[in-house]
Amino acid sequence: MFAVAASLSVGAAAKDPKIGAPAPRFELTLIDGTKVSSDELRGQVVVLNFWATWCGPCKRELPLLDAYYRIQKPHGLRVFAVATEDSLPMYQLKPLFAALAIPSARRMKGPYGDMHAVPTNFVIDRAGVVRYAKAGAFDLDAMNTLLVPLLREPVPAPAPVT
């Protein structure tokens, strides 16, 4: 079964994502086995999209997110599709993932797994702050309203080395 292993990071610092607060750290294991950490994504606008194959709104949202990602990736947008544990087995999902430009995750470590509904989206700004955390599918107007201003924000300067 294709499962997302969403687990809390070791230590008391791991907290649920809260709007306006620094995003909790996470690590994605993509379909090809590549690992991507939240630290590597600093300076990008990140969308974590949790979806399921049986979810009607997810089926409409995923192609829209994919098209939006293809257009906005050069401007610093990163979108990751994370299938929930009750989706289809990996071998059945591979053709879908091959057609998407959005990187798809087969596993995630971090406190983003306690969702009450799908789709659920988390948006993290260039500075690593959670700007959106909500169940429900995006439409084009909602994505433009939320993401365009974040993509226009300057990339923060790296923290000075002490």
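At-a-glance table
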| quantity | calculated |
| --- | --- |
| Rounded, prolate or oblate (a/c below 1.5 giving rounded, otherwise prolate when a/b exceeds b/c) for region 113-157 by Cα gyration tensor | oblate |
| Probe 1.4 Å, protein heavy atoms only - accessible area per residue of region 104-150 in square angstrom | 42 |
| Integer Hz, Karplus 6.51/-1.76/1.60 couplings in order for region 19-30, x for Gly and Pro | 4, x, 9, x, 5, x, 5, 8, 9, 9, 10, 6 |
| Region 16-145 - percent of accessible surface contributed by carbon and sulfur, probe 1.4 Å | 54 |
| Cα gyration tensor, region 44-162 - rounded (a/c under 1.5), prolate or oblate | prolate |
| Out-of-range pairs (alpha-carbon distance over 23 Å; input Lys59/Lys94; Lys94/Lys134; Lys35/Lys94; Lys18/Lys59; Lys18/Lys109; Lys18/Lys73) | Lys94/Lys134; Lys18/Lys59; Lys18/Lys73 |
| Local electrostatic count, Val79, Cβ distance below 12 Å [Lys/Arg +1, Asp/Glu -1] | +1 |
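The values are calculated or read from the model by the stated rules, or taken from the named source; none is laboratory data. Bear in mind that the values here come from a model prediction, so they are computed numbers and not experimental data. Cβ atoms come from the backbone with ideal geometry, glycine included; neighbour counts cover every protein chain shown. For the accessible areas, the whole protein counts, side chains as well, though only heavy atoms, and no ligand, DNA or RNA atoms are used. Shrake-Rupley method; radii C 1.70, N 1.55, O 1.52, S 1.80 Å.
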